[in-house]
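Below is one structure; the comments refer to it alone.
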Amino acid sequence: MEGDNEGPIARRERPKVDYRADSSTTVSKGCALFSVRPREQEEGRWLKLRVECLAGIATAGVPLEMLQFMPRRMRFIVDRRFVKAAQAAIQDCGLAWRLVPYCSKVCIVSDTVRTTAGIFYKMLTRLAARGIPVLHFSDSNVNLSFIVSDANSTEVERLLHYLLSSVSRPSMSSPITFDAALCKVRVNGEERRLGSRQAKLLEFLVNNLGRVVEAEEAARHLFGADGREEIAALRVHVHNLRKKIEADPDNPRYLVTVPAQGYVLVG
């Protein structure tokens, strides 16, 4: 038609969403987890080496899942059939790696993931309380994925189903208030003084509330370095901080350890 050159019109209509608690879980065994980092003498070339490593893995035809970047490390999982090919590509780039060969990916999909605040860290906390190491994890709008050992996969699947069916919208109120300037914390109305390092650590965690902070990252913030001595000192400060803010420091509710990852402050 003359003068009509608009083409087809795409109308953006908001879809109807059914917020049901229905969920599905898949367990994929036969995975291997890689944690890759630069050797000490190559830390200045880490970004370039990381790209070269990923290019080499792609050239070798190795499919990756759950790729995660950190300042001086990257993690991903592969099917165990591709472990040797991935190792060869990593070695060609002169990088160091750690391998956990017998893993399972437990993935849960539910609208509850999208509509419930704090569900991800609630699940991490419960798994840690059960003594189940979470080796790696990721989340999206309606999906939570956890990498665990093959031996724990069945229990993790069962526990996640149970938690998802029983979870409710958590209150964001907390019995803890913190004054960084005065190095004081108030727990259930009781004021407690913090050491300067404890206050600095707590302030850092508060500023990263709900995010898993790697031990190395926290050590660098606290001491300016992340060597073995600094990591050991960090653990001491975390332990002492828990004595100030937790009802039961050995079973923390707020300052939670995420195995093989670091620490998270849960609101």
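The numbers here are math on the coordinates, done by the rules we state, and not lab data. Keep in mind that what you see is a predicted model, and the values were worked out from it rather than measured. Cβ atoms come from the backbone with ideal geometry, glycine included; neighbour counts cover every protein chain shown.
Rank the residues VAL62, VAL142 as a footprinting-exposure proxy: fewest other Cβ atoms within 10 Å of their Cβ go first. Spell out each step's value before the answer.
Values: VAL62 21, VAL142 14.
Ranking VAL62, VAL142 by Cβ neighbours within 10 Å, fewest first, gives VAL142, VAL62.
Calculated FRET efficiency, ARG45 to ALA151, Cβ-Cβ distance, R0 = 41 Å: about 0.60 to the nearest 0.05. Listed by chain and number, the lysines whose C-alpha is less than 17 Å from the C-alpha of LYS243, apart from same-chain residues fewer than 8 away, are LYS184, LYS200.
With a ≥ b ≥ c taken as the square roots of the eigenvalues of the C-alpha gyration tensor of segment 23-166, please select rounded if a/c is under 1.5 and otherwise prolate if a/b is larger than b/c or oblate if it is not? Write down the numbers at each step before the final one.
On the way: a/c = 2.29, a/b = 1.96, b/c = 1.17.
Since a/c reaches 1.5 and a/b is larger than b/c, the shape of segment 23-166 is classed as prolate.
Exposure proxy shown here: for VAL156, VAL213, the number of other Cβ atoms within 10 Å sets the order, fewest to most, as VAL213, VAL156. Each residue, ARG228 and THR177, gets one label point 7 Å from its Cα in the Cβ direction; the gap between the two is 4.5 nm. Under the simplified labelling scheme, the ASP79-SER24 pair shows an inter-label distance of 2.0 nm, with each label point 7 Å from Cα along Cα→Cβ.
LEU99 to ARG186: extension gain in nm, 0.36 nm per residue of separation minus the Cα-Cα distance? Display every interim value, and only then the final one.
Values: separation 87, 0.36 × 87 = 31.32 nm, distance 4.27 nm.
Computed gain between LEU99 and ARG186 is 27.1 nm.
How much length would be gained if the chain were fully extended between GLN68 and ASP248, taking 0.36 nm per residue of separation minus their Cα-Cα distance, in nm to one decimal? Kindly include the intermediate steps, with their values, before the conclusion.
Details: separation 180, 0.36 × 180 = 64.80 nm, distance 3.26 nm.
Value of the extension gain: 61.5 nm.
For segment 202-267, the Kirkwood estimate of the hydrodynamic radius, built from every pair of different alpha carbons, is 11.8 Å. Exposure proxy ranking for THR177, THR25, based on other Cβ atoms within 10 angstrom of each Cβ and starting from the fewest, stands as THR177, THR25.
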